[in-house]
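Where a number appears in this text, it was derived from the coordinates with a stated rule and is not lab data. These numbers were taken from a predicted model, which means no experiment stands behind them. Backbone-built Cβ (ideal geometry, glycine too); neighbour counts: all protein chains shown.
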Amino acid sequence: MPRIRLERGPVVCERGVLAVTAWTRTKGLLGRSGLDPDEGLWIQPTGSIHMWFMRFPIDVVYADKEGRVLKLVHGIGPWRMSGCRGAKVALELPVGAIDRAGVEVGDHLVIEHT
């Protein structure tokens, strides 16, 4: 599992899952009861997410195709939708992960394959 960090250093999630096929993007986190504090789901390509049938809230980081952070969503709950114009990536994280890592709009996300 790759680690996802900010180019400037801080780790956003230690155990990232890449959802880059039609099936993995569609499935997303459906059926899960939560995310561990060090987990994240990188969905690409996408500019929006939905929380239909989800059981728990999440944080979402939207980024462009180069990984530049465009928008931060804190604690989006079940049965909601969210999107970001120009985004090609949605990184779904446990609630509080954005603040713990200090992610800011303009940061660059980096995927490290270990």
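Among the residues of region 1-20, are any farther than 13 Å from Leu109 by Cβ, among the small types (Gly, Ala, Ser), more than 14 Å from the chain's Cα centre (by Cα) and surrounded by fewer than 13 Cβ atoms within 10 Å (Cβ to Cβ)?
The answer is no, given that none of the residues of region 1-20 is farther than 13 Å from Leu109 by Cβ, among the small types (Gly, Ala, Ser), more than 14 Å from the chain's Cα centre (by Cα) and surrounded by fewer than 13 Cβ atoms within 10 Å (Cβ to Cβ).
Considering region 41-78, and only residues there that are assigned to a strand (DSSP E or B) and in contact with a helix residue (DSSP H, G or I) (Cβ under 7 Å, 6 or more places away or on another chain), the residue that is surrounded by the most Cβ atoms within 10 Å (Cβ to Cβ) turns out to be Val61.
Counting residues in region 9-32 that are touching a Gly at 6+ places or on another chain (Cβ under 6 Å) and in a loop (DSSP other than H, G, I, E, B) gives one or more.
Looking only at region 40-47, decide whether some residue is of a type in the set (S, T, N, Q), within 14 Å of the chain's Cα centre (by Cα) and within 28 Å of Thr114 (Cβ to Cβ). Taking every residue of region 40-47 in turn, at least one turns out to be of a type in the set (S, T, N, Q), within 14 Å of the chain's Cα centre (by Cα) and within 28 Å of Thr114 (Cβ to Cβ). Residue count for region 85-101, restricted to those that are more than 15 Å from Leu41 (Cα to Cα) and not small (Gly, Ala, Ser): 3. Flag set for Pro2, criterion: farther than 22 Å from Trp79 by Cβ, in contact with a Ser or Thr (Cβ under 8 Å, 6 or more places away or on another chain), in contact (Cβ under 8 Å) with a residue 60 or more places away in the chain and not hydrophobic (A, V, I, L, M, F, W, C).
Against the criterion of being of a type in the set (Lys, Arg), touching a residue at least 24 places away in the same chain (Cβ under 8 Å) and touching a His at 6+ places or on another chain (Cβ under 7 Å), Arg68 qualifies.
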